[in-house]
1. Just counting partner chain Cβ atoms within 10 Å, what average do the residues of peptide B:42-49 show around their Cβ?
2. Measure of size requested: the Rg and Dmax of segment B:1-117, with Cα atoms as the atom set and Å as the unit; please supply both.
3. For a footprinting-style exposure proxy, rank B:Lys14, B:Lys218, B:Lys43 by other Cβ within 10 Å, fewest first.
4. Tell me which residues come under 5 Å, amide H to amide H, from B:Glu200 once H is placed; ignore anything under 5 positions away on its chain.
5. Determine the shielding of peptide B:69-77 by partner chains: average, over its residues, the number of Cβ atoms on other chains within 10 angstrom of each Cβ.
6. I'd like the distance separating the alpha-carbon centroids of segment B:34-69 and segment B:151-181, in whole Å.
7. Take the alpha carbon atoms of segment B:183-225, find their center, do the same for segment A:67-140, and report the distance between the two centers in whole angstrom.
8. Using the Kirkwood radius over C-alpha pairs as Rh, can you work out the diffusion coefficient of chain A via Stokes-Einstein at 10 °C, viscosity 1.306 mPa s, in µm² per second?
Amino acid sequence: MRMPIGASSWSFTEEDYSALTQVLQRFLFDSNARCALLVDRSGQLVTFAGDRPTFDVTAFATLTAADFSANDQLARLIGESDFNTLFHQGEKESMLLADVARRVILVALFDNRTTLGLVRLKMRAIVDELGRLIERSLQRSQLSNPQRQPLLGDVDDEIDRLFQ
Amino acid sequence: MSMINYASREINCKIVYYGPGLGGKTTNLEHVYKKVAPSTRGKLISLATESERTLFFDFLPVDLGTIRGFKTRFHLYTVPGQVYYNASRKLILKGVDGIVFVADSQVDRMEANQESMQNLYDNMVEYGYDLTRMPFVVQYNKRDLPNAAPLAELQSALNPGWEVTEPTRQRLTPDTWHAGENLIEQLPTGEWVERAPYFEAVAVTGDGVFDTLKAVSKLVLKSLS
C-alpha cells in the first residue's frame, strides 16, 4: 500500500465544466453580476462564466486563493473557524467571494448595475449546489480516473522532448 | 493539487521554491522570468515588503509545452524565507505538486538551511504530505562565493537520504544528472537509502536555474503518469 504522497490530482471533465458553467450562468442572470469565477484553493482557475475578464486571470486566481487563505488564518486568530464570504468594495467594481465546500472559491465581480445584497442572496443559493458538483467531480477523479490513463500513461518520450 | 482540465485542455501543476531567507528563491524566479519567451509566461507577481523581502509569495506561471494535446502550465511560487513568516509559508504549500529547496551554500548559513529544511518537513507533515514520496529537488545556490561549503558537506547535512523500505523500490537507481552517482543505493550496512536529486547553482547569473526547474517539472509530470 503506497503512502499518501502530496496533493492529489483533479481531472476536470467536459461534463464538470458544463454542469458548473450552467449554475454560474443562472447565478449571473439572477444577480446581474458581470462575471463569476471558480478558483481552487491552491490558486488555479477552474472555470468562469459571464463577461470575459480583461485582466490576467491566472494572477487573479492565485491572489484570490492567497486572500482567502490569509483571511482563514485571521479568522482563527479571533476564534472563528473561517470567514466563508469576503467582500471587497471598489468605486465602480466590487467583488464578493464565497467558500464552496472548502475546496474552491466562488468569486462574483459586479458593478453598480446590481447591489451587494442581491449578489449575496443569489450567491448563497448556489453555493451548496456548486459544492455538490465539485465534490462529485473530485471523488470521481480520485476513485476511478478513467480518462487519465490514456492521457499520461507511457509519455516519457514526450516529457523528455519538452525539455530538449 | 495538479489539475488536468479536459475542458480547457490544460494540465496545471504547482511548484514551490522553499528555503532560508536571502537564499535566492526569488532570484530563481526572476531568472526564469527574464529568460523564457514572454508568450510562454505570465506576470511575475511579488507580494514583498518595501525592502524587496518576500512578504507572502512570488508567483510566476510558465507554459512548458504540450503533451498529448494538453498545454502543461506550471505555477511557480516562492515562500518568504524569514523564520517568523511561517504562517504564510505554510499557506503556500497547500496543494503543492513539487518542491525545490534552495539552500544557501555559505558556511555560516548552514544552520539556517537546516532549520528551514526541518520547517519544510514539519509543514508538509501538517498537510499530510510525504516529502520523501513526492517530486523534490535540492538546489545548492551561491556556489560562486568564496565561503561556500563543500558539496559533500551540504549533501550530508541537508540531503543525507531517507530509508527505502518497499522491496520493489530497493534497486540501484543512477542519478541521471550526475554521472557515477545514485539516487537510490544500498549502504555498506545493508540499508537502502534514497536522496533527492540535487543541483549546484548561481541564481544571479542563472547557472543551474533551468536544470533545477526542468528536473522538478519532469518529476511532477512523471508522478501524474
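Values in this text are rule-based calculations from the coordinates and carry no lab data. Model, not experiment: these values are computed from the prediction. Note that we place each Cβ from the backbone using ideal geometry, even for glycine, and neighbour counts take in every protein chain shown.
1. Other-chain Cβ atoms within 10 Å of each residue's Cβ, averaged: 3.
2. Considering segment B:1-117 through its Cα atoms, Rg and Dmax are 15.1, 50 Å.
3. Ranking B:Lys14, B:Lys218, B:Lys43 by Cβ neighbours within 10 Å, fewest first, gives B:Lys43, B:Lys218, B:Lys14.
4. B:Tyr140
5. 2
6. If you average the Cα positions of each part, the centres end up 30 Å apart.
7. First find each Cα centre; the distance between them is then 39 Å.
8. Stokes-Einstein gives a translational diffusion coefficient of 91 µm²/s.
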